[in-house]
Structure formats: structure tokens, C-alpha cells
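The values are calculated or read from the model by the stated rules, or taken from the named source; none is laboratory data. Please read all numbers here as calculations on a predicted model, not as lab measurements. Every residue, glycine among them, receives a Cβ derived from its backbone with ideal geometry; neighbour counts consider all protein chains shown. Surface accessibility is based on the protein's heavy atoms, side chains included, excluding ligands, DNA and RNA. Shrake-Rupley method; radii C 1.70, N 1.55, O 1.52, S 1.80 Å.
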Amino acid sequence: MSRTPAVLGLLVLVVVLVACDKAAVDPAKSASTGSSAAAEAPMPAVPATPAKMRSVAVTAEKSAKGKEKFEATCAACHGAMGVGRIGVGPALNSKTFLAAASDEMLTRTIVKGRAGTTMIAWGAMLQGPDVENVISYMRSWHTVAEAKLNESPVTGDAENGKKLFADICAGCHGKTGAGYQETANGTGIGRKAFLQSVTNGFIRYLINHGKSGTKMRPMSKGSKVAVADLTKKEVEDVLAHLRASAW
């Protein structure tokens with residue numbers, strides 16, 4: 001009996017196994033042939049300014065439902081009523097933060113999370129109107145008007161901003177802006193995951209006005225409670241440094 005068919009069959013089997021093994025160890029190359037079109041586009045360095053700061057209607061009914069979801073999914077890290085837990089989750093119950101944070105930014109953060117932090121993506125767990133209800137609950141903590149943000153492009157000197165950051169900001173936020181991973185009392189503001197989710201206007205506002213209810217005091221010159229007396233140019237320099245050194 002000829003062994004040729006058996007040998008050929010064995011060779012075909014070897015080729016198939018090698019091909020499968022190659023696909024398993026090189027998933028990126030395998031995926032590029034069929035799923036590249038479906039891949040998400042990379043986030044821009046600076047998010048687009050939202051058309052509206054507030055898009056979620058705040059009602060007693062939505063806030064009551066949102067409170068239940070917040071206590072079940074958010075309070076473990078952000079504390080009861082969003083007062084924060086140092087080293088775990090930043091405070092959300094802050095008038096200046098809520099004034100500067102758009103509903104779009106809050107929605108994106110809840111749904112997609114923040115890479116490199118304890119903030120996981122909740123998009124798969126909070127269904128339908130759940131996210132809007134949580135935002136309604138957060139807005140119910142304080143009645144604050146939306147902030148008028150300066151969303152102009154960054155014009156500062158990143159090198160001078162680096163020096164200012166090291167002298168004034170690093171003590172709380174860490175030398176690289178890693179926050180709790182470097183220090184015990186400041187949130188992370190240096191990662192791309194954060195900087196790609198907040199606008200220039202949001203950062204300017206928080207530097208100038210601080211984050212009420214936290215240790216983040218106003219930094220702008222002229223504020224009666226400022227701790228740094230930064231000029232407008234120096235605020236711009238710090239912003240330029242953050243954008244340039246995002247990691």
C-alpha cells in the first residue's frame with residue numbers, strides 16, 4: 001500500500017496546526033485582517049467642547065433612583081454622598097467641580113472609566129437611564145450654575161509650567177501627576193486617561209477656583225484664599241505642562 005496519501009494528510013495537518021498557532025500568538029496581525037474597521041478611533045489629546053454643559057434633567061424621581069445606584073456602585077470608592085476617600089476615590093461632592101464638569105464628561109467617565117486608576121468602566125453594569133439618574137443625584141447635592149469656561153487653545157510655556165508644577169502641585173499630585181500612587185492626598189491629573197477626558201476650560205477653572213470641599217485651594221492671583229497667587233500666564237504654563245507631559 002502506498003504511504004503517499006497518509007504522508008500528504010500529515011503534512012496538511014501540520015500546516016493547519018502551525019497556522020492556527022501563529023494566529024494565536026499573533027492576535028494583532030490576525031485581527032488586522034478583519035476587525036480593524038471596527039476598532040475605536042484613538043481619543044483626541046483634548047476633548048471637543050460639549051455643545052451643552054448640562055444635558056441631564058435633574059428631577060426628584062431620577063435623583064432618588066440615582067442615589068440607589070450611587071450607593072451600590074460608587075460610594076465604596078467615592079464615599080457616601082461623594083465626599084471622597086483619600087487614596088481610593090476623589091471627592092465628587094464639590095461645588096466648583098460640579099460647576100465645571102459637563103454632563104458629557106461625567107457620562108463618559110462613568111461609562112468608560114479611567115485607565116490606570118481604581119475607576120473602572122461601568123458601562124456594562126449601569127443600563128438604560130442609570131447613568132443619567134446617577135448624574136441627577138450628583139447634581140442634587142448642590143444647586144450651582146454651570147461655569148463659564150475659557151476653552152481657548154493652550155498658549156503657555158510648558159517648560160516654565162514644569163517648574164511651577166514641581167514647586168506648587170507635585171506635593172499633592174505627585175511629581176508625574178500620578179496622584180495617590182505617589183502621594184497620600186492628591187488625585188491623579190497627569191495621565192492621558194484624565195487629560196483626554198477634560199477640556200482646557202475645566203482645568204483652568206479648577207486651578208483658578210480650586211475644588212471646594214477638598215484640600216485643592218484656589219491658585220489664582222487675586223483670590224482671597226489662594227495659596228499660590230498664580231498669574232493668568234502661570235496658570236496657562238501649568239496647563240501647557242500637563243498637556244505636554246501626559247503619560
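Report, ordered by chain and residue number, the lysines lying within cross-link reach of Lys163, taken as a straight Cα distance under 26 Å and ignoring same-chain residues fewer than 8 apart.
Lys175, Lys192, Lys211, Lys215, Lys221, Lys224, Lys232, Lys233
Provide the solvent-accessible area of Leu149, counting protein heavy atoms only and rolling a 1.4 Å probe, rounded to the nearest 10 Å².
Roughly 40 Å² of Leu149 is accessible to a 1.4 Å probe.
Could you order peptides 152-162, 127-137 by the average number of other Cβ atoms within 10 Å of their residues, highest first?
Highest to lowest by the protection proxy: 127-137, 152-162.
Please arrange Lys175, Lys69 by accessible surface area, largest first, computed with a 1.4 Å probe and ligands excluded.
Lys175, Lys69
Just by accessible area at a 1.4 angstrom probe, what is the order of Trp141, Trp247 from largest to smallest?
Trp247, Trp141
Could you give the accessible area per residue of segment 40-186, probe 1.4 Å, as a whole number in Å²?
With the other protein chains kept in place, segment 40-186 gives 54 Å² per residue.
What does the accessible area of Glu68 come to, in Å² to the nearest 10, when a probe of 1.4 Å is used?
About 130 Å², rounded to the nearest 10.
Where in segment 176-213 is the amide nitrogen less than 16 Å from a point lying 7 Å along the Cα-to-Cβ axis of Lys112?
Only 191-200 pass the distance filter.
Determine the shape class of segment 49-96: with a ≥ b ≥ c the square roots of the Cα gyration tensor eigenvalues, call it rounded for a/c under 1.5, and otherwise prolate if a/b is greater than b/c, oblate otherwise.
Oblate.
What does the C-alpha gyration tensor say about the overall shape of segment 99-145? Classify as rounded when a/c is under 1.5, otherwise prolate if a/b is larger than b/c, or oblate.
oblate
Using the charge dipole of segment 134-247 (Lys, Arg: +1 at Cβ; Asp, Glu: -1 at Cβ; taken about the Cα centre), state which of Ile203, Val134, Cys172 has its Cα farthest towards the positive end.
Toward the positive end, the furthest listed residue is Val134.
Compute the Kirkwood hydrodynamic radius of segment 130-174, taking the inverse of the mean of 1/r over all pairs of distinct Cα atoms, and give it in Å to one decimal.
Hydrodynamic radius (Kirkwood, Cα only) of segment 130-174 equals 14.3 Å.
Radius of gyration and Dmax for segment 133-247's Cα atoms, expressed in Å?
Cα radius of gyration and Dmax of segment 133-247 are 14.2, 42 Å respectively.
Where does the charge balance sit around Asn150 when Lys and Arg score +1, Asp and Glu -1, over other residues with C-beta under 11 Å from its C-beta?
+1
Which lysines does Lys67 reach when only Cα atoms under 22 Å apart count, and residues fewer than 8 places away in its own chain are ignored?
Lys95, Lys112
Add +1 for every Lys or Arg and -1 for every Asp or Glu among the other residues with Cβ under 14 Å from the Cβ of Glu61, and state the total.
Local net charge: +2.
Quick one: net charge around Thr118, please, counting Lys, Arg +1 and Asp, Glu -1 for every other residue with C-beta under 14 Å from its C-beta.
With Lys, Arg at +1 and Asp, Glu at -1, the neighbours total +3.
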